[in-house]
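Please treat every number below as a calculation from the coordinates, not as lab data. Just so it is clear, the model here is predicted, and its values are computed rather than measured. With ideal geometry, Cβ positions are generated from the backbone for all residues, glycine too; neighbour counts draw on all protein chains shown.
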Ligand SMILES: [Zn+2]
């Protein structure tokens, strides 16, 4: 095993222990926000924060993991690898580096992309007092995404239905139907929730506590499961002419895409986590983005999400199919191979280094 791969884990508990140990060893100030529920083996779960640099730093680089629970295997490994390689040793003056570990710790611990309420956290950061967005395409392919039985016939029928929808309405419409979020079916895949969930409120507290004294804040939220294997793409919800977007293009080049433009791997979804940074840090120069690393083919990722949601509705871990489906969803979002772990770590380190260089 290479040194980089050593920082990745096989469970949330292992990932958390490694992150905390690496943060302490690197001299970080650490804090934990405990989640009210426990992990599958009864252990405490939490969002952990490791901070370097002065409390009053004018500029902050934040790096977060586990917004989508099980995707935390990727982001946590990257964070721990950076902590362990001395990345925080030579920060520019007046700069803080903040790692936020396991933003949705329940999903990470239980091997789900959603949280304890079956909510996709990355669709939950919108104004819940207003009417929630509709997604008629989702309704059209509801059976394909939420089959009553998880038989091969049902899966094939679902695949045919999605293909027919894509043929009739185009790939962008299919993408939005599949991944644009929905606020109607609380037990279905892609549910965005009807009120702020624990991880939403908790993250806002962390943003206020750690970042509200700064003037310039860059935040990278690490995800996995979209795009070519081991290849990172930056997803910004800012429009292409927005200064924040142009700055990211300046640092990171062609890999930066706006969800408001054609050609991004991520559709223009409501309630993205990046919204929280703009809302909580009004009046500052705020540049939040998602960093997506590819894992396996998109149809395998979609199949894993459908299977995991079916499992959740049919007994969860008590269902005899649980071990296979839990393995399936983890493998969809985490490539347990040394070269992939090196690829995702190197790209994140390069991106973060460019931000810090611009702070000098
Ligand atoms: Zn994600």
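Can you give me the angle between helix 338-359 and the longest principal axis of the chain, using Cα atoms only, in degrees from 0 to 90, rounded to the nearest 10?
50
Using the basic label-point model (7 angstrom from Cα toward the beta carbon), what is the residue 17 to residue 184 distance in nanometres?
4.6
With r as the distance between the Cβ atoms of residue 205 and residue 164 and R0 = 41 Å, compute the FRET efficiency 1/(1 + (r/R0)^6) and round to 0.05.
For R0 = 41 Å, the calculated efficiency reads 0.35.
Compute the length gained on full extension between residue 128 and residue 246: take 0.36 nm times their separation in residues and subtract their Cα-Cα distance, giving the result in nm to one decimal.
Additional length available on full extension: 39.5 nm.
Figure the gain on full extension for residue 239 and residue 317 (residue separation times 0.36 nm, minus the Cα-Cα span) and round it to one decimal in nm.
Full-extension gain reported as 23.9 nm.
Of 248, 241, 211, how do they rank once you tally other Cβ atoms within 10 Å and put the fewest first?
Placing the least packed residue first, the sequence is 241, 211, 248.
Tell me the label-point distance for the pair residue 350, residue 157, using the 7 Å Cα-to-Cβ offset, in nm and rounded to one decimal.
4.7
Sorted from fewest to most neighbouring beta carbons within 10 Å, what does the list 341, 247 look like?
Fewest-to-most ranking of 341, 247: 247, 341.
So how tilted is helix 322-333 from the main axis of the chain? Cα-based, degrees 0 to 90, rounded to 10.
Roughly 50 degrees between the two axes.
In the calculated pair distance distribution of segment 11-97, what percentage of Cα-Cα distances lie above 15 Å?
The share of Cα pairs beyond 15 Å in segment 11-97 comes to 60 percent.
Cut-off 14 Å, label point 7 angstrom out along Cα-to-Cβ of residue 30: give me the residues of segment 64-83 whose amide nitrogen falls inside.
Answer for segment 64-83: 80-81, 83.
Would you kindly calculate the translational diffusion coefficient of segment 1-60, applying Stokes-Einstein with the Kirkwood radius from alpha carbon pairs, for 20 °C and a viscosity of 1.002 mPa s, and quote it in µm² s⁻¹ without decimals?
161
What percent of all Cα-Cα pairs in segment 247-343 falls in each 10 Å bin, counting up from 0?
The calculated distribution, bin by bin, is 13, 29, 33, 20, 6, 0.
What's the ranking of 201-207, 34-40 by average number of surrounding C-beta atoms within 10 Å, highest first?
201-207, 34-40
What's the exposure ranking of 338, 350, going from fewest to most Cβ atoms within 10 Å? Present the calculation step by step, with values, prior to reporting the outcome.
On the way: 338 15, 350 12.
So the residues, fewest neighbours to most, are 350, 338.
Counting only helical runs of four or more DSSP H residues, what would the 222 nm mean residue ellipticity of the chain come to if each run contributes -39,500 (n - 2.57) and the total is spread over all its residues?
On the way: 13 runs with 150 residues, N = 360.
Helix contribution divided over all residues of the chain: -13000 deg cm²/dmol.
Using alpha carbons only, what's the Rg to Rh ratio of the chain with Rh from Kirkwood?
So for the chain, dividing Rg by the Kirkwood Rh gives 0.95.
Given labels modelled 7 Å from the Cα in the Cβ direction, how far is it in nm from residue 117 to residue 324?
A separation of 3.4 nm, rounded to one decimal place.
Measure nothing but the geometry: give the 0 to 90° angle between the long axis through the Cα atoms of 152-169 and the longest principal axis through the Cα atoms of the chain, rounded to 10°.
Taking Cα atoms only, the helix is inclined about 70 degrees.
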